[in-house]
Protein chains: 2
Amino acid sequence: MSTAASTSSAFSRPTRSEGTTMPDLNWIDVESIGVEGKGWTDTDSFYDRFPARAQPLIPPGVWEHANHSAGLCAHFQTNASQIHARWSLDPDRPLAMGHMPATGVSGLDLYVHHPTLGYRFLACATPDQPNNESQLANLPDAVPRTYRLYLPLYNQLQKLEIAVEPQADLQPIAPRTEKPILYYGTSITQGGCAARPGMAFPSIIGRRIDRPHINLGFSGNGRCEPEVIDLIAELDPCIFVIDTVANMGAELVDQRMTNSVRQLRAARPDTPILLIESPAYDLPLRLTGQQIPRPTGNVALQNAYDSLIADGLTDLHYLPGPSLLGPDCEGAVDGTHPTDLGFMRMADAITPALQQILK
Amino acid sequence: MSTAASTSSAFSRPTRSEGTTMPDLNWIDVESIGVEGKGWTDTDSFYDRFPARAQPLIPPGVWEHANHSAGLCAHFQTNASQIHARWSLDPDRPLAMGHMPATGVSGLDLYVHHPTLGYRFLACATPDQPNNESQLANLPDAVPRTYRLYLPLYNQLQKLEIAVEPQADLQPIAPRTEKPILYYGTSITQGGCAARPGMAFPSIIGRRIDRPHINLGFSGNGRCEPEVIDLIAELDPCIFVIDTVANMGAELVDQRMTNSVRQLRAARPDTPILLIESPAYDLPLRLTGQQIPRPTGNVALQNAYDSLIADGLTDLHYLPGPSLLGPDCEGAVDGTHPTDLGFMRMADAITPALQQILK
């Protein structure tokens with residue numbers, strides 16, 4: 001690959017080069033802090049999203065994305081003024097995609113907690129190689145604050161450490177134990193194409209609804225296979241959010257959606273389920289401003305929902321697609337994958353629906 | 001550079017490989033159509049933003065960015081169902097930056113005109129090498145439509161051609177001749193870090209206010225040097241929008257801003273001038289939700305404005321920074337450079353100010 005095709009951070013925060021390191025830092029492995037957003041502990045690699053035993057059971061395309069750290073985050077408290085991170089990524093994966101920057105695909109995103117405003121963006125670390133080190137914060141004071149660090153959306157994190165200046169104290173905060181919101185879906189669910197990990201729509205919602213969440217978005221592979229639904233049904237979330245239409249199309253939705261919902265409900269009789277239409281801008285919407293005809297996948301999802309409701313299924317909810325990304329077609333990079341603008345709009349639409357269901 | 005550091009479009013629209021081409025297409029050089037957004041015709045390369053004679057006069061950092069095609073767009077009408085583009089970029093420049101995807105840095109962004117809704121996003125072409133070919137549109141019908149094609153924000157376009165299927169007709173639309181809105185500023189003005197070229201804030205505003213615009217944003221180099229202001233004063237826009245604080249800091253603003261405004265006013269006595277504060281999220285805003293103390297560069301700009309008004313300068317306008325990107329600090333990838341979310345918010349704030357001044 002030529003130099004011209006490489007990523008570069010001409011005007012972004014500098015990332016320290018491989019092989020050099022700050023002196024006098026005590027590095028703490030984030031594995032020892034623990035991360036929130038993991039559905040299973042029996043994973044092959046610490047940051048995997050599916051257990052090791054899933055590999056022979058599920059399609060390779062799902063498994064290949066299950067080792068991306070989408071939706072995972074770590075919490076800690078420190079009185080440090082300087083916060084550093086170093087992290088190792090899969091050397092065989094691209095750091096960026098053509099329509100998604102390295103910051104979102106492979107970067108780290110640090111938020112700081114404010115007592116009344118909640119978690120606020122503080123800094124994003126940009127990778128430029130598989131092994132990176134970056135100073136995330138250089139604050140003017142050294143008072144105790146609580147932090148949330150979001151992990152890469154589309155890369156496998158092989159190791160992640162954080163450090164503060166030697167005289168500062170860093171206390172891990174254990175992952176919360178409340179029942180999480182569980183999202184199962186597509187590349188959009190996984191966070192493509194957020195500019196940074198904290199802007200995937202489940203992460204934005206996670207700053208508005210004070211609960212953990214689990215992101216089971218698998219780019220190109222959210223297809224409701226019974227084996228995948230079996231795995232998801234092992235978990236005990238406060239709600240299942242199913243957002244797979246964009247990877248299924250009408251035919252697969254017809255074949256699999258009602259069974260998937262029944263399978264989840266059988267495993268978790270008291271857990272609400274929310275079905276979300278595909279938010280993608282279809283061609284009629286781009287050309288005319290109207291979804292006429294309505295996308296067939298969304299029609300199939302509505303049919304599945306109607307049929308389940310007619311059969312007496314309760315606590316099953318539905319969110320139409322056209323409102324999710326906004327009718328102006330400006331919220332995606334390619335008509336399908338939301339930018340931070342589209343993800344903010346999705347969070348604006350989905351948050352009140354979840355709050356209504358979970359209240 | 002290793003493969004791992006390269007960009008890749010794992011789930012984006014495929015771009016045709018170098019060396020292959022669609023058969024039976026009549027390629028039209030966009031130079032023959034003409035582009036809107038050029039301030040000068042006596043440029044070295046067709047897509048340059050400053051005239052060739054500027055090179056010995058201005059700082060190298062400004063000149064290096066003046067050959068990026070930020071803000072340029074071409075218009076055409078066609079009854080084609082298929083629209084193709086092929087374009088050549090500077091082989092020595094990166095296709096992407098660590099915090100800005102290749103689509104925004106080096107891609108093409110096609111909008112289609114709707115009679116009542118205006119220009120709407122249709123497709124974005126993703127580059128993966130210096131020479132690219134991409135099918136931008138594959139429509140279900142073949143009716144006459146008007147298109148706007150935005151050019152790369154952070155790369156030099158060496159050649160750009162478009163083509164439609166052989167039986168279709170393509171008519172160039174000449175650049176509009178109304179006085180343009182002229183923006184002079186920083187990396188933010190140039191469009192860093194939009195996901196695609198149409199989402200730079202001047203481009204968004206250009207879809208809301210029916211006028212051409214000229215983007216003279218120079219990443220890291222918007223510093224109001226007298227030689228640069230001399231060049232800008234050659235142009236005859238409907239308004240000068242000055243957005244340089246983030247590259248100047250308080251000291252340079254103190255030294256240069258009042259003189260710059262007087263220089264522009266002397267050259268164009270009847271042209272309004274709008275000064276815009278830096279929209280960047282400073283550390284106090286991130287940590288506390290409030291800009292206390294106020295960024296010194298913005299204080300200096302306000303002082304310059306107050307002093308000019310006190311001296312009797314008329315038709316000079318001012319837009320404060322905190323409202324531009326939104327107080328939640330979610331609109332930038334690194335705290336400074338807006339994502340599409342931040343650019344939409346900037347357009348929302350700046351558009352009514354411009355409409356008020358230009359009415």
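The values are calculated or read from the model by the stated rules, or taken from the named source; none is laboratory data. Here the structure is a predicted model, which means the values were calculated and not measured. Ideal geometry is used to build each Cβ from the backbone, glycine not excepted, and the neighbour counts take in all protein chains shown.
Overview of values
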| item | result |
| --- | --- |
| Filter result (assigned to a loop (DSSP other than H, G, I, E, B), at the interface with chain B (Cβ under 7 Å from one of its Cβ atoms) and in contact (Cβ under 8 Å) with a residue 60 or more places away in the chain) within the stretch A:82-99 | A:93, A:95, A:96, A:99 |
| Residue list for the stretch A:22-65, restricted to those being assigned to a loop (DSSP other than H, G, I, E, B) and exposed (fewer than 13 other Cβ atoms within 10 Å of the Cβ) | A:23, A:24, A:26, A:41, A:42, A:56 |
| Test: residue in the stretch B:259-275 that is within 14 Å of another protein chain (Cβ to nearest Cβ) and touching a Phe, Trp or Tyr at 6+ places or on another chain (Cβ under 8 Å) | no |
| Checklist (1) under 19 Å from residue A:151 (Cα atoms); (2) assigned by TED's automatic domain parsing to the domain that holds residue A:161 applied to residue A:51, failing item | (2) |
| Within the stretch B:157-207, tally of residues that are part of a helix (DSSP H, G or I) and among the aromatic types (Phe, Trp, Tyr) | 1 |
| Residue, farthest from residue A:346 (Cα to Cα), within the stretch A:284-336, restricted to residues that are among the charged types (D, E, K, R) and part of a loop (DSSP other than H, G, I, E, B) | A:311 |
| Selected residue (criterion: surrounded by the fewest Cβ atoms within 10 Å (Cβ to Cβ)) from residues of the stretch A:294-340 that are free of Cβ contacts under 8 Å to residues at least 12 places away in the same chain and of a type in the set (Val, Ile, Thr) | A:314 |
| Residue match in the stretch B:137-155 (condition: free of Cβ contacts under 8 Å to residues at least 60 places away in the same chain and not in a loop (DSSP other than H, G, I, E, B)) | yes |
| Residue check, residue A:212 of a type outside the set (Lys, Arg), in contact with a Pro (Cβ under 8 Å, 6 or more places away or on another chain), surrounded by 19 or more Cβ atoms within 10 Å (Cβ to Cβ) and within 14 Å of chain B (Cβ to nearest Cβ) | no |
| Of all residues making up the stretch A:221-239, the number that are outside any helix (DSSP H, G or I) and under 22 Å from residue A:55 (Cα atoms) | 9 |
